[in-house]
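The values are calculated or read from the model by the stated rules, or taken from the named source; none is laboratory data. Keep in mind that what you see is a predicted model, and the values were worked out from it rather than measured. FYI the Cβ positions are ideal-geometry reconstructions off the backbone, even for glycines, and counts take in every protein chain you see.
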Amino acid sequence: MSAPATAPAPRSPEPTVRRDHASAAWRLRDRIGLGFAWLLGLLFCAITSAIVIYLLVQGIKYVRPELFVTHPAAGFSERETGGFLDPLVGTFLVGLMAMGIALPLGLAIGVWLSEFGRPFPLARMAESTIEMIAGTPSIVLALFGTLIFQSPALGFLSRSVGGLVFGRSFFAAATVLSFVALPLVVASVREGLQAIPGHVREASYAVGKTKATTTRRILLPAARPSVITGALLGFGRVIGDTAIIVILLGATLRFDGVGSTPVLSTLRGTGGTLTTYIFQNAPTGEGNQPAKAYAAAFVLLMLVLVLNVGADVVGRKGKALRWS
Amino acid sequence: MDATPPSRLFALRGSDQRAELMLGALVFGVLAVVAAMLVFVFQEAWPSFSHNGLHWFGSGGSVDRQIEAIFTSGDLKRRPVYTFHAWPLLWSTLLITGLAVLIAFVSSLFVAVFIVEFAPDWMRAVLEPVVRLLASVPSVIYGLLGVLVVVPFIGNHLISEHSKASVAYIVSLSGYSLLAAVVILTVMIAPIMIAVFVNGLRAVPRSWLEGSLALGINEWRTFWKIGVRTARPVLVAGTVLGVARALGEAIMLAMVSGSVGFAPNPGDGLIFFVEPSRPLAATILQNAEELASPPMRHTLFAIAAVLLFSAAMLSFTGWVVKQPMKRYGVRA
């Protein structure tokens, strides 16, 4: 090594503890690199805290308890436009429905990929297909959804007028959104199952249990933390999606039911979620009520935060489980 | 995983076979749905492509006026119009995605190296959950911040009245711009890339790094030459994720990019960065109300087909690149 530009730091004879960088002795280029890494790291912290603090301040400024219990309304001022009860309920409704499809399906695919996976080409194809779904823009999935749910055969799931099917309902949106969550669920389930060592399975087979029983009674309970993590992350992804909601749920302010059966009418009708509420109340949207948009964004961010922390806690609990 | 279940008891094997068949059928069902998606999207897109040929990707005329003509020709009494030259939309997508991914890649790499190797422990303990949180913030929230904070800032402080006047007869500069889109998109995809990079860099075998350190090479150079180089497949995989997210981003870009079918011209000098445009995905979103008009539907599906094809190519690239990483037991 060439002599550094500044006075070389005296090297201690003992091996230095890692992270105790004596960077004064480095070449200039390396020190610039390190400085750049520090700079960008600190910049990242600054941007992050700026975003979080800004949203917190705006949220605390604009969130009122009554917003959570008032229906939204069309209007020109903050007073007239009401709260976001419907979008909030819609968020949970569409999220739960989508996870109701994605979780069992993701479990089945994850178990099949990890425990069965035959024939091999089918497993390979399934793997790449799941990855492709993860990379597919949600707006493309939404367009595909319109093709499916506007077909007359599925007219009973949404509003139809004189044979023309609108294809916009909670059913349509949740079904397509389940594809958004599917890759996350499958990945978590597989990860959980693959972390279980083979001898656990062998012990179960040795006492005469079938593969199906082993999976149901031993493997899935052991992988439960991963499954829950996947479900939470998937839920977070679903409630954060906007494009599918705009195209397949109609993004109306209030629930607009179809038919007279109490719950079914809502599910067959159009509605909105917090994301579309924010989208429409941003200055670029039709509502243009920024204060309401900030309040809704704050609530949505808190939801995502809770889901993330939940996934973290559950995931850590899963890692505490050790097979010796 | 490799253990074979007991095969002597045929009665028990039956239930296994049933389970395998049922699960396999579900998997096959999902594959069939995805295959149907590919077929349907390209089938719906075909009229637009076949009418325009390769000119679909070219430039010519105002793309917004073409879209309007396509939509109004959906009326049953008229002949459908399909003329569509998507170059401004493609160019906008390429520019926004390319610039954002480029900036995000460089900064994510440095931040990931910082987090894995050089950050103090307390900072790392804070940063890692925060990165994961930022990666899962809904894009509409970034869009809202863009519209209410970044766009007014650019409009009021970075664009002079003189430059606004100089192009006023072509396009209005109001802050909804390439720059706003790139900035917000960078902030949006960087956490995704950082999260993947951190996982990959951490999986580099410790002994390789220690071997280099033992030769007296300093930490920075060791990590850069051995850590980052070993993790190259993960870097590509993370970048692929970022690009996929950027390409498909419709909501946020529809909010901040300006929503004008205009191709920003690098020849305009610095004004280039504050010119509005509209990428492909945002175009679909904004015209989604007009799906009932058949030529419009075919055109929008053609845009979707382009996006779908790019996404498929990206995930294929990611899959190819990820293969060597399996040796280290890393799944990114």
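Filter the range A:67-118 down to residues that are part of a helix (DSSP H, G or I) and acidic (D, E) and give me whichever is nearest to the chain's Cα centre (by Cα). Can you show your working first?
First pass over the range A:67-118, keeping only residues part of a helix (DSSP H, G or I): A:67-68, A:85-116.
Next, only the ones that are acidic (D, E) stay: A:86, A:115.
Details: A:D86: 21, A:E115: 26 Å.
This residue is A:D86.
Tell me which residues, restricted to the range B:42-65, are away from chain A (no Cβ under 14 Å), in contact (Cβ under 8 Å) with a residue 40 or more places away in the chain and either in contact with a Ser or Thr (Cβ under 6 Å, 6 or more places away or on another chain) or of a type in the set (S, T, Y) (or both). If you could, list the steps in order and put the result at the bottom.
We begin by selecting, within the range B:42-65, every residue away from chain A (no Cβ under 14 Å); these are B:47, B:49-65.
Among the residues that remain, those that are also in contact (Cβ under 8 Å) with a residue 40 or more places away in the chain are: B:47, B:49, B:56, B:59, B:62-64.
B:S59, B:S62 - these are the residues of the range B:42-65 that are away from chain A (no Cβ under 14 Å), in contact (Cβ under 8 Å) with a residue 40 or more places away in the chain and either in contact with a Ser or Thr (Cβ under 6 Å, 6 or more places away or on another chain) or of a type in the set (S, T, Y) (or both).
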Considering only residues of the range B:289-315 that are within 11 Å of chain A (Cβ to nearest Cβ) and not hydrophobic (A, V, I, L, M, F, W, C), which is farthest from B:I70 (Cα to Cα)?
B:S315
Here is a list: A:L105, A:L147. Which entry is crowded, with 20+ Cβ neighbours inside 10 Å and either in contact (Cβ under 8 Å) with a residue 60 or more places away in the chain or at the interface with chain B (Cβ under 8 Å from one of its Cβ atoms) (or both)?
A:L105
Which condition does A:T252 not pass, out of (1) within 10 Å of chain B (Cβ to nearest Cβ); (2) within 26 Å of A:L147 (Cα to Cα), if it passes all the others?
(1)
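Can you spot a residue in the range A:225-238 that is touching a residue at least 60 places away in the same chain (Cβ under 8 Å) and within 9 Å of chain B (Cβ to nearest Cβ)? I'd like the intermediate steps shown before the answer.
Within the range A:225-238, the subset touching a residue at least 60 places away in the same chain (Cβ under 8 Å) is A:225-236, A:238.
Now narrow it down to the ones that are within 9 Å of chain B (Cβ to nearest Cβ): A:233, A:236.
Yes, the range A:225-238 has at least one match.
If you take the residues in the range A:206-228 that are among the basic types (K, R) and surrounded by fewer than 22 Cβ atoms within 10 Å (Cβ to Cβ), which one is farthest from A:D241 (Cα to Cα)? Spell out the reasoning first.
Kept after step one, since they are among the basic types (K, R), are these residues of the range A:206-228: A:209, A:211, A:216-217, A:224.
Next, from what is left, pick out any that are surrounded by fewer than 22 Cβ atoms within 10 Å (Cβ to Cβ): A:209, A:216-217, A:224.
Values: A:K209: 43, A:R216: 32, A:R217: 35, A:R224: 26 Å.
This residue is A:K209.
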Tally up the residues in the range B:116-138 that are more than 7 Å from chain A (Cβ to nearest Cβ) and touching a residue at least 60 places away in the same chain (Cβ under 8 Å), please.
5
Could you figure out which of (1) in contact (Cβ under 8 Å) with a residue 24 or more places away in the chain; (2) within 12 Å of another protein chain (Cβ to nearest Cβ) isn't true of B:V320?
(1)
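In the range A:156-193, which residue that is among the hydroxyl-bearing types (S, T, Y) and assigned to a helix (DSSP H, G or I) is farthest from A:L107 (Cα to Cα)? Don't jump to the end; show me each part of the working.
We begin by selecting, within the range A:156-193, every residue among the hydroxyl-bearing types (S, T, Y); these are A:158, A:160, A:169, A:175, A:178, A:188.
Within this subset, residues satisfying the condition of being assigned to a helix (DSSP H, G or I) are A:175, A:178, A:188.
On the way: A:T175: 16, A:S178: 13, A:S188: 9 Å.
The residue in question is A:T175.
When you check B:D64 against the structure, is it part of a helix (DSSP H, G or I), farther than 30 Å from A:L42 by Cβ, modelled with pLDDT under 95 and acidic (D, E), yes or no?
Considered against the rule, which asks whether it is part of a helix (DSSP H, G or I), farther than 30 Å from A:L42 by Cβ, modelled with pLDDT under 95 and acidic (D, E), B:D64 comes out as yes.
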Can you find a residue that is facing chain B (nearest Cβ under 8 Å) and at positive phi anywhere in the range A:200-217?
yes
Filter the range A:244-271 down to residues that are among the aliphatic types (A, V, I, L, M), on the phi > 0 side of the Ramachandran plot and surrounded by fewer than 22 Cβ atoms within 10 Å (Cβ to Cβ), then give me how many there are.
0
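Among the listed residues B:L99, B:L89, identify the single one that is modelled with pLDDT of 90 or more and closer than 22 Å to B:S172 by Cα.
Values: B:L99 fails: closer than 22 Å to B:S172 by Cα.
So the residue among B:L99, B:L89 that is modelled with pLDDT of 90 or more and closer than 22 Å to B:S172 by Cα is B:L89.
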Looking at A:A174, A:A187, A:A203, which is the one that is at pLDDT 90 or above and surrounded by 23 or more Cβ atoms within 10 Å (Cβ to Cβ)?
A:A174
What tally of residues in the range A:115-132 results from selecting those that are within 7 Å of another protein chain (Cβ to nearest Cβ), touching a Leu at 6+ places or on another chain (Cβ under 7 Å) and either among the small types (G, A, S) or farther than 13 Å from B:L31 by Cα (or both)?
2
B:A119 fails exactly one of (1) hydrophobic (A, V, I, L, M, F, W, C); (2) more than 22 Å from B:A231 (Cβ to Cβ); (3) over 25 Å from the mean Cα position of the chain (by Cα), namely (2)
From the options A:G135, A:G155, A:G82, residue that is crowded, with 19+ Cβ neighbours inside 10 Å, out of contact with any Gly (no Cβ under 6 Å at 6 or more places or on another chain), free of Cβ contacts under 8 Å to residues at least 24 places away in the same chain and away from chain B (no Cβ under 14 Å):
A:G82
State which residue is nearest to the other protein chains (Cβ to nearest Cβ) when the search covers only the range A:269-324 and only residues that are in contact (Cβ under 8 Å) with a residue 60 or more places away in the chain and part of a loop (DSSP other than H, G, I, E, B).
A:T273
Tell me which residues, restricted to the range A:256-268, are of a type in the set (S, T, N, Q) and in a helix (DSSP H, G or I).
A:S265, A:T266
